[in-house]
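What follows is a short report on a single structure.
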Amino acid sequence: MNRTMLEFPEPERYELREGPYYHFEISRRAFGQLLGAGLLLSIPVSRALAQRSGRGGPQTLAQRLHIGVEGDITVLTGKVEVGQGSRTELTQAAAEELCVSVERIRLVMADSDVVPNDGGTAGSRTTPSTVPSVRQGCAAARQLLLQTAAERFKADASTLSVRDGQVQGLGANQNFGYTDLAGEEEAFKRNVPRNVELTPTPSWKVMGTHVPKVGSREIATGAHRYPSDIRRPGMLYAAVLRPPSYGATLESIDLAPARAHPGVTAVHDGDFVGCAGPTSLEARNAVDAAGKTAVWKETTHRSSDTLFEDLRAAAGQRNRENTRGNPAEALEKGHRVLRATYHVPYIQHAPMEPRAAVAEWDGDRLTVWTGTQQPDRVRGELARAFQMPEARVRLIVPDTGGGFGGRHTGEAALEAARLAREAGRPVSLRWTREAEFTWAYFRPAGVMDLEGALDAEGKLTGWTHVNFNSGASALETPYAVPHVRTGFKNCDQPLRSGSYRALAATANTFAREAFMDELAAAQGADPLEFRLRHLENDRMRAVLEAAAAAFDWKGQWKAPAGPQTTGIGLSCGTEKGSYTACCARVRVDRDAGTYRVTDVCQAFECGAIVNPGNLQAQVEGCLIQGLGAVLREEIRFRDGRVLGARFSRYEVPRFRDVPAMKIVLVNRPDLPSVGGSETPIIGIAPAVANAMAHAVQVRLRALPLRDATWKAAGSDPNGG
């Protein structure tokens, strides 16, 4: 098992089990024949910074930060910024421990020549893993500052402190600050002590406050350079020939029509066909010309029309199952037993910026600028594809226009690098939106079977939850049930899929929380009271009560005698150490067969809050993105082709879809901080589904919850 799988053991990370995307047959042409492209961009730091640590974080101060002679402070991390706010959060962490303002911190992210190996940016691990690592390094630098000042001025280090980067407590006219450490190169080679004392939460001055997004002015004015914006001297632009359908293989192609275009380089290497030209239009025209000569062998392919039946039938051998008590007996003897099946389709990550890369060769060294959440993984893919040591590959990840778990692989980087090697010039490749919608991986589709048994008093006694294909995240129930069986069945699926924001917690929470409402309805119980009756986890109870209070659930809930114009619903869940609860209201137009989500209230708790403004934005973003899966988002496919691979036909939420939102951030300064960019997405789908069932008295068990489907389902409250 590779180290990436050890870091991310969740079974739904299908893309991490994939083999190399391309197997290039590299020619033996001399690297010296390739054109040089000038100096590589770098930062003025000591060579010690290029020594990269193993997974687990830097061991020396020099691997984490550098003090310049002008007093500038450069902090280094292998993490990336894809809109989740990690650049700001890590800058805050450094400023807090160094006792300086955030303006003095320059954060260098994901440049493999200079940064440490902090692991991939996924799994909400930046906050619980990398923030403490950055804090340790910076706290050690602060400690070094105090020790050095004490030695130089023969002072007691225990009486000294740091404010605004200057040592406090020295004698009159005695000044010492970080600028004075600039020449202490040997001191920065020391290991970072594991037990270095960090600033306690009650004493935070920078962390725990709202710091505006670092780089926001550049983003707002268009000055920021995303991977799509990178320019290099003499750069060409690329286009790639894609197969006509999934599973199609190229039997033959004639590149002569492409090479007839002036200034175009054309490549056919194994499964790869691409062109690089002076403009993206000329590259595209050249690819189209070659494509007309291509002979493809297409295969039969399953359709989304039979997706869920196909998944159930294609369950494989890699299954997981956990059992507590005797759920079979509990279900057999239950006073009331309910069974239901829920479905979620494939959906697209739909980032604002499609995959993009710029590749440049300088002799036997390769530099690639690309957007990825796994810099070390993509660097390794490039090294293997071109049969070269990783030390000769430099990977730079500019702040990127969205990720959501969809940027763990490096297809665009490999394609750009192959064309750049052939052309002998830098090459820029930007995937089209159609390519992103078709050839990137998707959030896995899934089928969830649930069973629940109630005793005569309405208490849950038995529970089973089996997930086909989408994954095991949040599969275990947070409710107190004595007899439980959960299972995950891996399936031979028709589309490429993998990580998505919160992984399968979106699917499993949707199914579990909708089913909890079905059980409550069977008892004639208030859904809130039914949940609280079965909750023993204090953190889950706290967010559920906070959301219900802010929404005024008790004042609004009333079991309807029949269909009505409005409905309310709620849900709660936990994933990756954080907790969320969501309440939603829908308004139904029965004549038109449409509905609208009008109000959402969500409470969220992720330990001690590092940046409340950014956390608020992340929760809001999660709600809007999660709403897309509720309203319309779904990948439809037939004959090996995605139907509607563009935003005009695949509708993510519009402004008109966004409900009024009330966010309740539950701060727990007594607990360690954990990630806040994933878990808030899991509650919106079941809350809306429950609100719809409350309004129309029809249970919809498949996403998206389309207009008029509730009318077609009839009046059976269980969706009959």
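The values are calculated or read from the model by the stated rules, or taken from the named source; none is laboratory data. Just so we're clear, the structure is a prediction, and the values are computed from it rather than from any experiment. Note that we place each Cβ from the backbone using ideal geometry, even for glycine, and neighbour counts take in every protein chain shown.
Please enumerate the residues belonging to the stretch 192-216 that are within 24 Å of the chain's Cα centre (by Cα) and without any contact (Cβ under 8 Å) to a residue 12 or more places away in the chain.
The answer is SER216, and nothing else.
Only residues in the stretch 551-575 that are assigned to a loop (DSSP other than H, G, I, E, B) count as the first member; pair them with residues that are of a type in the set (Lys, Arg), Cβ under 8 angstrom, at least 6 apart or cross-chain, and list the lot.
PRO563/ARG590; THR565/ARG587; THR565/ARG590
Working only within the stretch 150-193, note down all residues that are surrounded by 15 or more Cβ atoms within 10 Å (Cβ to Cβ), touching a Gly at 6+ places or on another chain (Cβ under 9 Å), over 16 Å from VAL69 (Cβ atoms) and among the small types (Gly, Ala, Ser).
Answer for the stretch 150-193, where residues must be surrounded by 15 or more Cβ atoms within 10 Å (Cβ to Cβ), touching a Gly at 6+ places or on another chain (Cβ under 9 Å), over 16 Å from VAL69 (Cβ atoms) and among the small types (Gly, Ala, Ser): just ALA155.
If you go through the stretch 261-268 one residue at a time, do you hit one that is at pLDDT 95 or above, in a loop (DSSP other than H, G, I, E, B) and either under 16 Å from ALA359 (Cβ atoms) or of a type in the set (D, E, K, R) (or both)?
Pass one, the stretch 261-268, residues at pLDDT 95 or above: 261-268.
Retained after the next criterion (residues that are in a loop (DSSP other than H, G, I, E, B)): 261-264.
After this cut, where a residue has to be either under 16 Å from ALA359 (Cβ atoms) or of a type in the set (D, E, K, R) (or both) as well, the list is none.
No, the conditions are met nowhere in the stretch 261-268.
Here's the yes/no breakdown for (1) assigned to a loop (DSSP other than H, G, I, E, B); (2) in contact with a Cys (Cβ under 8 Å, 6 or more places away or on another chain); (3) farther than 24 Å from HIS408 by Cα; (4) modelled with pLDDT under 95:
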| residue | (1), (2), (3), (4) |
| --- | --- |
| ALA48 | no, no, yes, yes |
| LYS79 | yes, no, no, no |
| VAL82 | yes, no, no, no |
| LEU90 | no, no, no, no |
| GLU97 | no, yes, yes, no |
| VAL100 | yes, no, yes, no |
| ASP113 | yes, no, no, no |
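Could you say whether any residue in the stretch 649-668 is of a type in the set (Phe, Trp, Tyr), under 22 Å from LEU495 (Cβ atoms) and at pLDDT 95 or above?
Filtering the stretch 649-668 for residues of a type in the set (Phe, Trp, Tyr) gives 650, 655.
Next cut, under 22 Å from LEU495 (Cβ atoms) only: 650.
Filter once more, so that each one left must be at pLDDT 95 or above: 650.
Scanning the stretch 649-668 turns up at least one residue that is of a type in the set (Phe, Trp, Tyr), under 22 Å from LEU495 (Cβ atoms) and at pLDDT 95 or above.
Return the only residue of THR679, THR709 being without any contact (Cβ under 8 Å) to a residue 24 or more places away in the chain and of a type in the set (S, T, N, Q). It would help to see each step written out before you state the result.
Working: THR679 fails: without any contact (Cβ under 8 Å) to a residue 24 or more places away in the chain.
Answer to the check: THR709.
ASN667 fails exactly one of the following numbered conditions: (1) in contact with a Lys or Arg (Cβ under 8 Å, 6 or more places away or on another chain); (2) over 18 Å from TYR500 (Cα atoms). What is the number of that condition?
(1)
Check LEU98, LEU90, LEU107, LEU76 and return the single one that is more than 26 Å from GLY401 (Cα to Cα) and either among the hydrophobic types (A, V, I, L, M, F, W, C) or crowded, with 24+ Cβ neighbours inside 10 Å (or both). Even if it seems obvious, please write down each step before you answer.
Values: LEU90 fails: more than 26 Å from GLY401 (Cα to Cα); LEU107 fails: more than 26 Å from GLY401 (Cα to Cα); LEU76 fails: more than 26 Å from GLY401 (Cα to Cα).
Exactly one of LEU98, LEU90, LEU107, LEU76 is more than 26 Å from GLY401 (Cα to Cα) and either among the hydrophobic types (A, V, I, L, M, F, W, C) or crowded, with 24+ Cβ neighbours inside 10 Å (or both), namely LEU98.
Taking the stretch 576-595 only, how many residues are in contact (Cβ under 8 Å) with a residue 12 or more places away in the chain, closer than 18 Å to TRP710 by Cβ and not small (Gly, Ala, Ser)?
So the answer is 7.
Out of THR126, THR221, report the one residue that is surrounded by fewer than 17 Cβ atoms within 10 Å (Cβ to Cβ), of a type in the set (Ser, Thr, Tyr) and within 30 Å of ALA359 (Cα to Cα). First the steps, then the outcome.
Values: THR126 fails: surrounded by fewer than 17 Cβ atoms within 10 Å (Cβ to Cβ).
Result of the check over THR126, THR221: THR221.
Based on what the data block shows, is ALA220 hydrophobic (A, V, I, L, M, F, W, C) and farther than 30 Å from LEU665 by Cα?
Working: hydrophobic (A, V, I, L, M, F, W, C): yes; farther than 30 Å from LEU665 by Cα: no.
Criteria not met by ALA220.
For the stretch 635-669, which positions are among the charged types (D, E, K, R) and on the phi > 0 side of the Ramachandran plot?
So the first thing to find is which residues in the stretch 635-669 are among the charged types (D, E, K, R), and the list is 636, 638-639, 641, 646, 649, 651, 654, 656-657, 662, 668.
Within the stretch 635-669, just ASP639 meets the criteria.
When PHE647 is evaluated against the numbered criteria (1) surrounded by fewer than 18 Cβ atoms within 10 Å (Cβ to Cβ); (2) of a type in the set (A, V, I, L, M, F, W, C); (3) touching a Cys at 6+ places or on another chain (Cβ under 7 Å), which criterion, by number, is the only one it fails?
Unmet for PHE647, out of (1) surrounded by fewer than 18 Cβ atoms within 10 Å (Cβ to Cβ); (2) of a type in the set (A, V, I, L, M, F, W, C); (3) touching a Cys at 6+ places or on another chain (Cβ under 7 Å): (3).
Scan the stretch 462-485 residue by residue and report those that are more than 23 Å from the chain's Cα centre (by Cα) and in a strand (DSSP E or B).
Listed by number, the residues that qualify are GLY462, TRP463, THR464, HIS465, VAL466, HIS483, VAL484, ARG485.
Among the residues that make up the stretch 235-242, is at least one of them part of a helix (DSSP H, G or I), closer than 26 Å to LEU495 by Cβ and under 28 Å from the mean Cα position of the chain (by Cα)? Step through it out loud before you land on a result.
Initially, the stretch 235-242 is screened for residues part of a helix (DSSP H, G or I), giving none.
Looking for residues that are part of a helix (DSSP H, G or I), closer than 26 Å to LEU495 by Cβ and under 28 Å from the mean Cα position of the chain (by Cα), one finds none in the stretch 235-242, hence no.
Could you tell me which numbered condition PHE604 fails, if it satisfies all but one of (1) surrounded by fewer than 23 Cβ atoms within 10 Å (Cβ to Cβ); (2) in a strand (DSSP E or B)?
Only one criterion is unmet by PHE604, namely (1).
Before we move on, is GLU434 surrounded by fewer than 23 Cβ atoms within 10 Å (Cβ to Cβ), within 28 Å of ALA313 (Cβ to Cβ) and not aromatic (Phe, Trp, Tyr)? First the steps, then the outcome.
On the way: surrounded by fewer than 23 Cβ atoms within 10 Å (Cβ to Cβ): yes; within 28 Å of ALA313 (Cβ to Cβ): no; not aromatic (Phe, Trp, Tyr): yes.
No, not satisfied.
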